[in-house]
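Colleague: Structure below; questions to follow.
The values are calculated or read from the model by the stated rules, or taken from the named source; none is laboratory data. Keep in mind the model is a prediction, meaning the values are calculated, not measured. So basically every Cβ, Gly included, is an ideal-geometry build from the backbone, and we count neighbours across all protein chains shown. Note: areas computed on protein heavy atoms with side chains; ligands, DNA, RNA excluded. Shrake-Rupley method; radii C 1.70, N 1.55, O 1.52, S 1.80 Å.
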Amino acid sequence: MTFETHGLTPRIATEIRTDAETLVSGQHAKQIREILEQRGVVIFRDLDIDDPQQVAIAKTLGNTVASEGEGGIYKVTLDPNLNARADYLKGSLMWHSDGALQQYPNLGALLRPIRLSSEGGDTEFCSTYAAYDDLSDEDKATYEDLRVVHSVERSQYYVRPELPYEEIKMWQQTPPRSLPLVWTHKSGRKSLLLGATADYVEGYSVEASRALLAKLRDWSTQPQYVYRHKWQLGDLLIWDNTGAMHRALPYPEDSGRLLHRTILEGEEPVM
Ligand SMILES: [Fe+2]
């Protein structure tokens, strides 16, 4: 069966042309994992798979498929009628990576559109591998040993700037985590660890910390590091969460937009 790859931008995202049966068989799983690590995002058009096939494909790619949602399928939507935690998902409109606070951040995820909004709702991905690679040697040396404290609480201020006290206390029940700014992977490659959960740089003043985190977010999300996916029904998209950030672009909450997500659990702690 055919298995053709086409780069979509120079630094991030590859489209693979194949069929559902070939993917479920897992015969190209190793190759797809390699492409994911190198290119951050993999897209299949006109695949037209169902939920069990999505989970089956995930199982060929990861050691563990997270059991969130029903049978490994989680509903990504801003519609509270479809997902009781829709409010929390508004944070997904900001650049972030998934599971940054976990011991093992998610390896990645599979996303498949079920219903689309007639306006908005594209998803953007940026390569934090490429963004790191292009830093000057001087910047790399400056950032090498910096640590950033991440918290869920921080990410919620983007959704509700005047977060009520009771909610702050609730979000603070998830302990913050100190992470290196530069993640050195087992492979030896390095990526930047940023996103909406990034609260402050340890040892920096409040102003210097905010400025550096914004500077690096702006740097990492320049057009040459970003792939913007325009969804079509029938798509399957997979991304490597360890070397990329992502965000959804705004869409009407009542549009019914719904994606089915299957998470590939993390295999590598942040060192
Ligand atoms: Fe996300």
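Colleague: Is at least one residue of segment 137-147 touching a residue at least 40 places away in the same chain (Cβ under 8 Å) and either touching an Asp or Glu at 6+ places or on another chain (Cβ under 7 Å) or within 14 Å of the ligand (Cβ to nearest atom) (or both)?
Modeller: Yes, because at least one residue in segment 137-147 is touching a residue at least 40 places away in the same chain (Cβ under 8 Å) and either touching an Asp or Glu at 6+ places or on another chain (Cβ under 7 Å) or within 14 Å of the ligand (Cβ to nearest atom) (or both).
Colleague: Which count do you get for residues in segment 103-114 that are away from the ligand (no atom under 13 Å from the Cβ) and assigned to a strand (DSSP E or B)? First the steps, then the outcome.
Modeller: Our first condition is that a residue be away from the ligand (no atom under 13 Å from the Cβ); within segment 103-114, this holds for 103-104, 107, 112-114.
This time we only want the ones that are assigned to a strand (DSSP E or B), so: 112-114.
The number of residues fulfilling the criteria is 3.
Colleague: Considering only residues that are open to solvent by less than 50 Å² (accessible area, probe 1.4 Å) and within 15 Å of the ligand (Cβ to nearest atom), look in segment 70-81 and name the one that is nearest to Ile263 (Cα to Cα).
Modeller: Taking segment 70-81 and keeping what is open to solvent by less than 50 Å² (accessible area, probe 1.4 Å), we get 72-74, 76-79.
Filter once more, so that each one left must be within 15 Å of the ligand (Cβ to nearest atom): 74, 76-78.
On the way: Tyr74: 9, Val76: 12, Thr77: 16, Leu78: 19 Å.
The selected residue is Tyr74.
Colleague: Go through Ile35, Ile57 for me and flag whichever is away from the ligand (no atom under 16 Å from the Cβ), under 25 Å from Met271 (Cβ atoms) and in a helix (DSSP H, G or I).
Modeller: Details: Ile57 fails: under 25 Å from Met271 (Cβ atoms).
Every option except Ile35 fails the conditions.
Colleague: State whether the residues of segment 105-112 include one that is open to solvent by 20 Å² or more (accessible area, probe 1.4 Å) and over 26 Å from Pro223 (Cα atoms). It would help to see each step written out before you state the result.
Modeller: Kept after step one, since they are open to solvent by 20 Å² or more (accessible area, probe 1.4 Å), are these residues of segment 105-112: 107, 112.
Keeping just the survivors that are over 26 Å from Pro223 (Cα atoms) gives none.
For segment 105-112, residues open to solvent by 20 Å² or more (accessible area, probe 1.4 Å) and over 26 Å from Pro223 (Cα atoms): absent.
Colleague: Can you name the strands (runs of 3 or more DSSP E) wholly within segment 164-271 that have at least 1 residues being more than 16 Å from the ligand (Cβ to nearest atom) and open to solvent by less than 10 Å² (accessible area, probe 1.4 Å)? Steps first, please.
Modeller: Values: elements: 177-180, 182-184, 190-192, 198-201, 226-229, 236-240, 244-248, 258-264.
Correct list: 177-180, 182-184, 190-192, 198-201, 236-240.
Colleague: Let me ask another. Conditions: (1) within 16 Å of the ligand (Cβ to nearest atom); (2) in contact (Cβ under 8 Å) with a residue 24 or more places away in the chain. Leu89 meets all but one. Number of the miss?
Modeller: Unmet condition: (2).
Colleague: Within segment 1-53, restricting attention to residues that are touching a residue at least 24 places away in the same chain (Cβ under 8 Å) and among the basic types (Lys, Arg), which residue is most open to solvent (accessible area, probe 1.4 Å)?
Modeller: Among those that are touching a residue at least 24 places away in the same chain (Cβ under 8 Å) and among the basic types (Lys, Arg), it is Arg17.
Colleague: Check Ala84, Ala100, Ala130 and return the single one that is away from the ligand (no atom under 14 Å from the Cβ), assigned to a loop (DSSP other than H, G, I, E, B) and among the hydrophobic types (A, V, I, L, M, F, W, C).
Modeller: Working: Ala100 fails: away from the ligand (no atom under 14 Å from the Cβ); Ala130 fails: assigned to a loop (DSSP other than H, G, I, E, B).
Answer to the selection: Ala84.
Colleague: Can you work out which of the residues in segment 115-124 that are polar (S, T, N, Q) and buried (at least 16 other Cβ atoms within 10 Å of the Cβ) is farthest from the ligand (Cβ to nearest atom)?
Modeller: Here the answer is Ser117.
Colleague: State all residues of segment 125-163 that are more than 26 Å from Arg39 (Cα to Cα), open to solvent by less than 50 Å² (accessible area, probe 1.4 Å) and β-branched (Val, Ile, Thr); if no residue qualifies, say none.
Modeller: Val149, Val152, Val159
Residue-by-condition table, conditions (1) touching a helix residue (DSSP H, G or I) at 6+ places or on another chain (Cβ under 6 Å); (2) at pLDDT below 95; (3) within 14 Å of Ser97 (Cα to Cα):
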{"residue": "Ala130", "(1), (2), (3)": "yes, no, no"}
{"residue": "Thr142", "(1), (2), (3)": "no, no, no"}
{"residue": "Asp145", "(1), (2), (3)": "no, no, no"}
{"residue": "Glu162", "(1), (2), (3)": "no, no, no"}
{"residue": "Ser178", "(1), (2), (3)": "no, no, no"}
{"residue": "Leu181", "(1), (2), (3)": "yes, no, yes"}
{"residue": "Thr184", "(1), (2), (3)": "no, no, no"}
{"residue": "Gly195", "(1), (2), (3)": "no, no, yes"}
{"residue": "Val201", "(1), (2), (3)": "yes, no, no"}
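Colleague: Now for a separate question. Kindly evaluate Val65 against the criterion of being open to solvent by 20 Å² or more (accessible area, probe 1.4 Å), modelled with pLDDT of 85 or more and closer than 18 Å to Glu265 by Cα. Give the steps one after another, and end with the answer.
Modeller: Numbers: open to solvent by 20 Å² or more (accessible area, probe 1.4 Å): yes; modelled with pLDDT of 85 or more: no; closer than 18 Å to Glu265 by Cα: yes.
So Val65 fails the test.
Colleague: Let me ask something else about it. Out of the residues in segment 95-128 meeting the condition of being polar (S, T, N, Q) and touching a Gly at 6+ places or on another chain (Cβ under 9 Å), tell me which one is nearest to Gln54 (Cα to Cα).
Modeller: In this case the residue turns out to be Asn106.
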